[in-house]
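Quick notes on the structure that follows.
The values are calculated or read from the model by the stated rules, or taken from the named source; none is laboratory data. Quantities reported herein were computed from a predicted structural model and do not represent experimental measurements. These accessible areas exclude ligands, DNA and RNA; they are computed on the full protein's heavy atoms, side chains included. Shrake-Rupley method; radii C 1.70, N 1.55, O 1.52, S 1.80 Å.
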Amino acid sequence: MDTTDVLIVGAGPTGLALGIDLARRGVAARLVEREDALFPGSRGKGIQPRTQEVFDDLGVIDAVLASSGRYPDRMVWRDGERVGEESMFERFEPDAGTPYPAPRMIPQWRTQEILYARLAELGGKVAFGREVTGLTQDADGVDVTFADGTTVRARQVVAADGGRSGIRRALGVGMTGETVDPAPFVVADLRVRGLDRVYWHAFPAADGSVLGLCPLAGTEEFQLAARLPEGSEPDVTEDGVRELVARYTHLAAEDVAEVRWASEFRPRAALADRFRVGRVFLAGDAAHVHSPAGGQGLNTSVQDAYNLGWKLAAVLTGDAPESLLETYEEERRANAAAMLELSTGVHRGEVQRGRATVQLGVGYRESSLSDETRTEPGPVRAGDRAPDAEVPGGRLFDLFRGPHWTLLGATAPPRAGVRTLPTAPESYGPGVFLVRPDGYVGWAGESATEDLAAYLDGVGVR
């Protein structure tokens, strides 16, 4: 029987990011995708600052920045006339610890191309046209069956197969959620004549429906996103999309030069009841489904992968205890629940895009992996994102980059896989900080004591 350490099901942003992280750690992982090619649409087009930091560490940030752009302001139209513009985001000044201060817009298909190229650079591959039809697991592994009758045995399986996850259903894991908006939506990628690319153009109708045309950075295309009247039936054929543009805007149907991709959806928010069943983990849309408002879904999904990758590697190499894997659900399910509430709030106009949506404040202070031993902690505490700072020889994020742990503020002899900086940045406050491979402070103390050694033992850093 064909075998692998990790089988990742789904080659979207979640699966590709996880494949990259495992590849750079030397873990034998296989990535399978039921479709014959990467997803062709723009759907998740916003990359939040925290995800840009993740992409920096994974080695793809230069390509993402080169292929993306800032979000344009929104231009509102009525009866063929421009009636006003507005910013899409609350303005706020980032601090010195934030190297990527603003969201970037890039179509999802391009993000996936970049991740796929990075995976290939590290020696990874995607097996397309491989649909999972069933799985069984025992104490030692998981047997996964495919539509062609073949079977792969893996030590661990990660289901990154989307909101309609077949693996989640096979495991019997339920989804708890709500309908965010009763109206049907259409999203499409198209080329349009007669509309500038300076603004995100919005065409509201008197009945509460609205059509938006957003220029997609790095392309000649616009993303169409339309909220249709309740009870209507979307037509996502090429002619249907052209008619939609003609109905809502001053443009004619023939001004739509090309429809590259189109889909319909109904916004909902749903959270899997569990993120792990034995040796099978749920990640990305398989674990949580968001409204697209606020750009939280893809970003939360990539960070699932970033959280899980180093933990799988630590356990599979035999250094860390199996209990480390329990912290994936502990940390990520609570985070996903908060992000679902946030994206629903943005969709309903209760939360503004900006400081709340950039995900720089996401952390794990309540996690069992976060050990704060100081009696008077400073601004950065165990469980917090470890911010950037200027340090001798460059930036702190340069020191973080890679699959290792980082110890700030001590010269205690670490162990293999731990880099050190004798002095922690002043912005962190007093103390010693052990930064996890995913850029969060795991342990913080007054000095490098025996407590630090015990913590390192517990996470498999021998």
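Assorted remarks:
- DSSP assigns beta bridges within the chain; of those with both partners inside it, close to 70 percent run antiparallel.
- Cα gyration tensor shape for the stretch 77-116, rounded if a/c is under 1.5, else prolate or oblate: oblate
- Gyration tensor (alpha-carbon) shape descriptor, the stretch 1-41, a/c threshold 1.5: oblate
- Surface composition of the stretch 179-315: carbon plus sulfur atoms hold 49% of the accessible area, using a 1.4 angstrom probe and ignoring ligands, DNA and RNA.
- Averaged per residue, the chain has 41 square angstrom of accessible surface, using a 1.4 angstrom probe with ligands and nucleic acids left out.
- Gyration tensor verdict on the stretch 106-237 (Cα atoms; rounded if a/c is under 1.5, prolate if a/b is larger than b/c, oblate otherwise): oblate
- Sorted largest first by accessible area at a 1.4 angstrom probe radius, with every protein chain in place, the residues Tyr328, Tyr199 fall in the order Tyr199, Tyr328.
- Binning all Cα-Cα separations of the chain at 10 Å, short to long from zero, yields these whole-percent fractions: 4, 20, 29, 25, 14, 6, 1, 0.
- Relative contact order, percent, the chain [alpha-carbon distance under 8 Å, six or more residues apart]: 17
- Surface composition of the stretch 379-462: carbon and sulfur make up 53 percent of the accessible area, probe 1.4 Å.
- For the chain, the mean residue ellipticity at 222 nm estimated from helices alone is -7500 deg cm²/dmol, where every DSSP H run of n ≥ 4 contributes -39500 (n - 2.57) and the total is divided by all residues, rounded to the nearest 500.
- Converting phi to 3J(HN,Hα) with the Karplus coefficients 6.51, -1.76 and 1.60 and the offset θ = phi - 60°, the stretch 253-265 yields 4, 6, 6, 7, 6, 7, 10, 7, 6, 8, 7, 10, 7 Hz in sequence order, with x at every glycine or proline.
- Taking amide H as placed 1.01 Å from N in the peptide plane, the amide H of Arg30 sits under 5 Å from that of Val6, Leu7, Ile8, each at least 5 places away or on another chain.
- Fully extended contour minus Cα-Cα distance, from Ala96 to Val210, at 0.36 nm per residue: 37.2 nm
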